Amino acid sequence: MTQQNLFGDNTINKQNPLTNRRVGFLGKFKNRSVLIKKVKEYGASEKSKEGITRDTQILVMGSDIKQDDLDRLICYEHDGWKPLKIQESELHEIFNGNFDGFETPSVVTKQVNIDMSYYNWTPPVISEEDDAGVRCSSPLVYDEGNPIYGLEIYVPSKPNTNTGVLRQIIGNLGGYANTEYLDETNVIMLSKETFELLKQGIKDEVITSIEEQYNKSSAKMFNIQFTSEPDFICWVKKRLEKVPDKSTKTLIEAYET
């Protein structure tokens, strides 16, 4: 039995999945303006319109969606802003009183779910700049220069590891090693153990803690680069072959003992 059967034909005056929700529209529709007007008649937010924002709660997907719009959606979802995506036919189901499966939270919150796609993230290029800043790719690229110079690097503490020495190495090379994940963090350096687990689809306490802290923060964008301890140490060793540094070499020896 549908909600319409329960309450009669006057669904428009009843609580429904569109009530107080911000609805966006991407792509082509037979008559988009009529649809936008109708969702508002069904109680949707007056901010409902063509396009997508971080506050969009329900996103109606049309045909021939522009690549730039799809790329923006990909970026927002990466940042944890994940609207309920429906087709026009499903929107008409709501109009007809079929509400099952179309529920969304009344308050917009971000929710990242970190997996290897975050470690290997390459953001699409969108034509219009994002108001939250310029997006960076991941993982951190170790080139001929010094990619960690001036960066805020979160180095999670792990039992029975030389993270203290690792932080000293980072400091020697001009980076700022932190024991906590901060709003200003640029890079997260995963231990070999955490990295190997993530590749298997397993999250340890480091990953879940990062998710929890980001989701609770005021940040709009998950603009973090990842790297791993093995990759970093490998780069430092190669760098020492070209740029002799006695103190860093001593620290590397201490790290590996």
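Using just the helices of the chain, give the 222 nm mean residue ellipticity in deg cm²/dmol: DSSP H runs with n ≥ 4 each add -39,500 (n - 2.57), and the total is spread over all residues, rounded to 500. Working shown, then result.
Values: 10 runs with 94 residues, N = 257.
The helix-only estimate for the chain comes to -10500 deg cm²/dmol at 222 nm.
What lysines does Lys158 reach when the alpha-carbon gap must be under 20 Å and sequence neighbours fewer than 8 apart in one chain are set aside?
Lys192, Lys199, Lys203
Mind checking which of Ala219, Thr248, Leu197 is farthest towards the positive end of the chain's charge dipole, using Cβ charges of +1 (Lys, Arg) and -1 (Asp, Glu) about the Cα centre?
Positive-end residue among those listed: Ala219.
Calculate the FRET efficiency for Lys238 and Glu212 from the Cβ-Cβ distance with a Förster distance of 25 Å, rounded to the nearest 0.05. Intermediate results must be reported in sequence, preceding the final value.
Values: r = 35 Å, r/R0 = 1.42.
So, using R0 = 25 Å, E works out to roughly 0.10.
Please give, to one decimal in nm, the separation of the simple spin-label points placed at Val107 and Arg32, each 7 Å out from Cα toward the Cβ.
If labels sit at Val107 and Arg32, their model points lie 3.2 nm apart.
Mind checking which lysines have their C-alpha under 26 Å from Lys49, skipping anything on the same chain fewer than 8 residues away?
List returned: Lys14, Lys28, Lys30, Lys37, Lys38, Lys40, Lys66, Lys82, Lys85, Lys110, Lys220.
Separation between the Glu193 and Glu46 pseudo-spin-labels, each 7 Å from Cα along Cα→Cβ, expressed in nm?
So the label points at Glu193 and Glu46 sit 5.6 nm apart.
Apply the Debye scattering formula to region 69-163, with a single equal point scatterer on each alpha-carbon and no solvent, then give log10 I(q)/I(0) at q = 0.17, 0.23, 0.24 Å⁻¹.
-1.02, -1.32, -1.34
Within region 129-233, report the trypsin sites (Lys or Arg not before Pro) that DSSP leaves as loop and that have at most 11 other Cβ atoms within 10 Å. Could the numbers behind the result be given before it?
Details: sites: Arg135, Arg167, Lys192, Lys199, Lys203, Lys216, Lys220; in loops: Arg135, Lys203, Lys220.
Answer in residue order: no site qualifies.
Any idea which of Trp235, Asn146, Val34 is furthest toward the positive side of the dipole for the chain, if Lys and Arg beta-carbons carry +1 and Asp and Glu beta-carbons -1?
Toward the positive end, the furthest listed residue is Val34.
For region 102-221, list log₁₀ I(q)/I(0) at each q in 0.10, 0.12, 0.20 Å⁻¹, using the Debye formula over Cα point scatterers of equal strength and ignoring solvent, two decimals each.
Rounded to two decimals, the profile gives -0.37, -0.52, -1.37.
For the chain, what is the charge dipole size about the Cα centre, in debye to the nearest 20, if Lys and Arg each add +1 at the Cβ and Asp and Glu each add -1 at the Cβ? Walk me through the numbers on the way to the answer.
On the way: 31 positive and 39 negative charges, 83 e Å.
Dipole of the chain, to the nearest 20 debye: 400 debye.
In the chain, what percent of the accessible surface is made up of carbon and sulfur (1.4 Å probe, ligands and nucleic acids excluded)?
Working: 6680 of 13910 Å².
About 48 percent, which is the carbon plus sulfur part of the accessible surface.
For all pairs of alpha-carbon atoms in the chain, what percent lies in each bin of width 5 Å, listed from the first bin to the last filled one?
Once binned at 5 Å, the Cα pair distances of the chain give 1, 5, 11, 14, 13, 12, 10, 8, 7, 6, 5, 4, 2, 1, 1, 0, 0.
The values are calculated or read from the model by the stated rules, or taken from the named source; none is laboratory data. The model shown is predicted, which means the values in this text are computed figures rather than measured ones. Cβ: placed from backbone, ideal geometry, glycine included. Neighbour counts: every protein chain shown. Remember, those area values only see protein heavy atoms, side chains included, never the ligands or the DNA or RNA. Shrake-Rupley method; radii C 1.70, N 1.55, O 1.52, S 1.80 Å.
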